[in-house]
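K.L.:
Dropping a structure here in structure tokens format, bear with me for questions.
The values are calculated or read from the model by the stated rules, or taken from the named source; none is laboratory data. Since the structure is predicted, the reported quantities are computational estimates derived from the model, not experimental observations. Backbone-built Cβ (ideal geometry, glycine too); neighbour counts: all protein chains shown. Protein only, heavy atoms only, side chains kept; ligands, DNA and RNA dropped before computing areas. Shrake-Rupley method; radii C 1.70, N 1.55, O 1.52, S 1.80 Å.
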Amino acid sequence: MLPKNDRFPIRISKKETIGQLHRKACEIFDLQPDQVCIWDYYARRRHALMNDMDKTLDDANLQMDQDILVEVINNTNNTSFAQENGSAQREANSALVEPSKSSLSIAGGLSASRGASKGYNTDLSSSQNLNSPVRDVENPYGTSGVTTRSSFLGLTGLLNLGNTCYMNSAIQCLVHTPEFARYFREDYHREINWQNPLGMVGELALAFGELLRKLWAPGRTPIAPRPFKAKLVRFAPQFSGHNQHDSQELLAFLLDGLHEDLNRVKHKPYIKSRDADGRPDEEVADEYWANHIARNDSIIVDVCQGQYKSTLVCPVCNKVSVTFDPFMYLSLPLQPTTNRTMTVTVFACDGASLPFSCTVTVPKQGRCRDLIQALSNACSLKHNERLVLVEIRNHLIHRYFEDPLQLLSNIKDDDRLAAYKVPKIDKNTKYLQLIHRQREQSSDSHIISGWKPYGTPIVSLISCDDTVTRGDIQVIVNCMLSPLLRKGINVEQATTSETSIPKATSDHCSFNSDDDACAPNMMSNSVNKDTTNSKAPPMPLPTLPLLLVDDNNACIDLSMGEEKVVKLSPLSPKILVYIDWSQKLLEKYDTHTLETLPEVLKYGPVTKKARTEPLSLYTCLEAFLREEPLVPEDMWYCPKCKERRQASKKLDLWRLPEVLVIHLKRFSYSRSMKHKLETFVNFPIHDFDLTNYIANKNNSRRQLYELYALTNHYGSMGSGHYTAHIKLLDENRWYNFDDSHISLISEDEVNTAAAYVLFYRRVKTDDAAVSNGA
């Protein structure tokens with residue numbers, strides 16, 4: 001006897017007939033041919049009775065991994081079924097078609113035993129057991145619930161041509177947009193703009209239309225989108241080959257290309273946009289939209305394009321510029337917080353402490369003065385000290401952040417920053433940059449390698465008003481490096497030369513909190529009188545292997561002639577000094593703290609907190625609409641100042657489209673890396689209400705939207721995988737489109753941390769007006 005709900009797989013070729021499948025079912029279940037009916041039960045829905053015994057399984061459109069309903073009929077009293085209390089007694093069993101290269105594997109999940117199937121008398125409740133995986137919840141016994149296969153179209157997958165999941169997911173979302181499905185299944189050829197120089201001479205629209213019609217045709221055999229891909233790469237070669245690409249970039253190109261191919265405007269008029277100049281927003285917005293439609297009029301504009309208000313304010317003259325621009329989709333940030341965490345390594349040039357990393361929180365749209373203030377508080381900066389902030393690249397100082405109004409957005413997360421504590425002084429000073437070098441390792445011991453920079457430079461100040469000797473620079477550097485002396489090594493042991501510098505001079509390395517003007521080496525060659533009167537003899541300081549780079553880029557050896565005066569260049573704001581770290585010198589100093597400089601923000605594994613705490617889609621939208629300064633690469637030309645200014649920009653939604661496409665910006669790009677945000681976004685499936693986000697207060701219509709499709713991205717950048725979740729509106733069911741594989745999913749499975757591009761359609765509402773609190 002075959003146990004209830006057991007699964008019995010059989011393999012059968014797609015070329016075999018329904019009659020052969022019928023006979024196999026009879027053999028497995030030990031039934032007579034007149035006791036078995038086989039139904040196409042795709043997606044757990046009864047589609048068609050498979051009674052054409054000569055038709056092949058391929059012709060019957062049976063697909064991989066679908067259900068087959070095996071119905072066992074009670075032949076008591078020579079009737080096809082017995083009636084009890086008006087209900088049919090039938091035992092329904094499903095068979096699951098599983099993937100196979102050359103055949104279909106059909107597994108029967110029986111709800112009755114083999115013995116009971118021959119002549120049983122069971123009640124209806126047993127055949128409708130809720131625990132049975134084969135229960136037909138629609139109408140398992142009456143023929144009134146049977147639908148033909150063609151009643152539920154749009155369940156055709158796309159074959160993966162080699163990393164084309166990014167394309168397949170985007171295409172399926174567009175194909176299942178109801179407005180596009182209707183448009184491209186009708187006669188759209190008359191709207192093709194064959195002469196548009198910005199289009200693809202209609203070829204992209206024709207290729208997309210042909211593919212859409214195939215995907216909506218009866219049957220569910222997966223389609224290879226090779227003709228469409230060929231047209232795509234012809235006009236967008238960046239999508240050629242078999243590399244993985246961004247589905248949102250493909251979607252943006254496809255929408256724009258279809259618009260130009262289907263633009264009803266054959267000859268675009270030249271229209272000069274006017275600034276608002278104090279006119280009512282409604283008047284200006286309508287004027288901008290009319291100008292846009294006069295040049296751009298297509299099904300894409302009708303369905304997907306909206307309008308937002310853009311306000312720019314000059315930071316110098318406060319000139320306000322208002323424009324109204326169209327948009328095809330909204331790209332929302334996934335880091336809507338107003339604060340930013342930054343890590344900076346702090347150095348004390350007076351030798352008071354070892355370098356240490358300091359992590360602070362600053363306004364995300366803040367300026368350098370905010371970072372310096374936060375660092376000053378965190379490192380307990382004294383009142384007679386200040387911080388010099390620099391960026392380090394390749395072991396050299398790349399730039400100084402001397403403008404306190406410079407935006408922190410110019411500092412990337414993978415930059416490396418250092419801050420140096422220097423004294424506040426009124427004298428004319430220069431930066432002394434100490435660059436560390438070590439000898440390059442050569443595989444050939446006979447070849448003498450040169451010196452190359454390593455570690456992190458150290459910065460101090462040097463006076464331009466006083467006479468500076470080579471010995472003075474030795475004193476400064478000794479002060480800067482004193483925390484690096486290994487334990488048990490004193491200055492006498494660290495001496496690398498017979499030449500030494502009196503301790504009296506070195507006393508000037510310390511900072512006197514009572515005298516703000518006192519700083520290391522800010523003195524002449526005179527000796528401190530207090531030190532000369534002390535009982536203890538002066539302690540010699542080591543002479544370090546220092547090289548000063550002069551105006552001619554020549555190196556001057558500072559280890560000899562400490563009394564010689566150093567000529568400071570009046571043109572350069574800095575003095576460059578190399579210290580060459582020999583192996584012998586490294587035995588006395590521990591430079592490990594100079595060799596590791598952390599990034600501003602180090603990306604690591606996604607924390608459990610980041611994965612479990614959802615981020616509201618409304619919060620992302622608010623971050624997108626928040627006022628913020630323009631990036632330096634996108635400076636605004638102020639018509640009043642007649643100069644390019646870093647204006648502040650504020651966006652407001654003004655006119656929303658029928659289909660609202662929202663791109664969640666999961667991918668961030670920096671100079672040396674790409675990063676994906678795994679943030680879970682809690683987006684509404686129903687009742688996405690944007691009424692309060694519309695700046696046009698004369699629009700009393702409720703702005704309600706409902707999700708009907710989205711693309712997902714799993715994995716990391718470059719090696720991930722795209723799928724699509726799509727709701728068939730006629731069925732009111734969600735499906736997962738994974739290339740050629742399509743499976744039914746519940747609505748609870750739609751919202752995941754993989755969501756990437758969301759497709760919302762407007763919900764028709766009866767209310768014509770909205771209260772102020774709506």
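K.L.:
Tell me whether the range 349-474 comes out rounded, prolate or oblate; compute the Cα gyration tensor, take square roots of the eigenvalues as a ≥ b ≥ c, and use a/c under 1.5 as the rounded threshold. Don't jump to the answer; show the numbers that get you there.
P.N.:
Working: a/c = 2.28, a/b = 1.33, b/c = 1.71.
Oblate.
K.L.:
Please list HIS675, HIS267, HIS725, HIS741 from largest to smallest accessible area, probe radius 1.4 Å, with all protein chains kept in place.
P.N.:
Numbers: HIS675 30, HIS267 160, HIS725 10, HIS741 65 Å².
Ranking HIS675, HIS267, HIS725, HIS741 by accessible area, largest first, yields HIS267, HIS741, HIS675, HIS725.
K.L.:
Grab the Cα-Cα distance for ARG23 and HIS686, subtract it from 0.36 nm times how many residues apart they are, and report the gain in nm with one decimal. Can you show the working numbers first?
P.N.:
Values: separation 663, 0.36 × 663 = 238.68 nm, distance 4.73 nm.
Here the segment from ARG23 to HIS686 would lengthen by 233.9 nm.
K.L.:
Listed here are the pairs LYS268/LYS676; LYS229/LYS266; LYS272/LYS642; which of them are more than 30 Å apart at the Cα? Before the final figure, lay out the partial values.
P.N.:
Working: LYS268/LYS676 40 Å; LYS229/LYS266 27 Å; LYS272/LYS642 20 Å.
Over 30 Å apart, Cα to Cα: LYS268/LYS676.
K.L.:
Let me ask something else. Work out the FRET efficiency for THR341 and THR596 from their Cβ-Cβ distance, taking R0 = 25 Å, and round it to the nearest 0.05. If you can, show how the numbers build up before the last one.
P.N.:
Details: r = 19 Å, r/R0 = 0.75.
So the FRET efficiency works out to roughly 0.85.
K.L.:
Another question, if that's okay. Would you mind classifying the range 222-361 by shape? Square roots of the alpha carbon gyration tensor eigenvalues, ordered a ≥ b ≥ c; an a/c under 1.5 is rounded, otherwise it is prolate if a/b is larger than b/c and oblate if not.
P.N.:
Numbers: a/c = 3.40, a/b = 1.36, b/c = 2.50.
Oblate, because a/c is 1.5 or more while a/b does not exceed b/c.
K.L.:
I've got another one for you. Tell me, how many Å apart are the Cα centres for the range 650-710 and for the range 732-761?
P.N.:
18 Å
K.L.:
Which of LYS421/LYS487; LYS452/LYS584; LYS309/LYS697; LYS487/LYS588; LYS665/LYS727 have a Cα-Cα distance over 19 Å?
P.N.:
Values: LYS421/LYS487 24 Å; LYS452/LYS584 17 Å; LYS309/LYS697 13 Å; LYS487/LYS588 9 Å; LYS665/LYS727 23 Å.
Result: LYS421/LYS487; LYS665/LYS727 exceed 19 Å.
K.L.:
Continuing with this model, one more query. Highest mean first, what order results for 566-572, 420-426 on Cβ atoms within 10 Å? Walk me through the numbers on the way to the answer.
P.N.:
Working: 566-572: 12.4, 420-426: 18.9.
Most protected by this proxy first, the peptides run 420-426, 566-572.
K.L.:
Sticking with this one: Could you order the peptides 201-210, 237-246 from most to least packed, using the average number of other C-beta atoms within 10 Å per residue? Numbers along the way, then the final one.
P.N.:
Details: 201-210: 20.7, 237-246: 13.9.
Order by mean packing, descending: 201-210, 237-246.
K.L.:
Using a 1.4 Å probe, how large is the accessible area of PHE356, given in Å² and rounded to the nearest 10?
P.N.:
It works out to around 70 Å².
K.L.:
Rounded to the nearest 0.05, what FRET efficiency do ASP403 and HIS741 have when you use their Cβ-Cβ distance and R0 = 56 Å?
P.N.:
On the way: r = 56 Å, r/R0 = 0.99.
E between ASP403 and HIS741, to the nearest 0.05, is 0.50.
K.L.:
Report the extension gain between THR323 and SER380 in nm, rounded to one decimal, defined as 0.36 nm multiplied by the number of residues separating them, less their alpha carbon distance.
P.N.:
Details: separation 57, 0.36 × 57 = 20.52 nm, distance 4.70 nm.
So the chain would gain 15.8 nm between THR323 and SER380.
K.L.:
Which number comes out as Rg/Rh for the range 165-285 once both Rg and the Kirkwood Rh are worked out on C-alpha atoms? Walk me through the numbers before you get to the answer.
P.N.:
On the way: Rg = 17.4 Å, Rh = 16.3 Å.
Across the range 165-285, the Cα-based Rg/Rh ratio is 1.07.
K.L.:
Which order do HIS398, HIS22 take by accessible area at a 1.4 Å probe, largest first?
P.N.:
Values: HIS398 95, HIS22 20 Å².
Solvent-accessible surface, decreasing: HIS398, HIS22.
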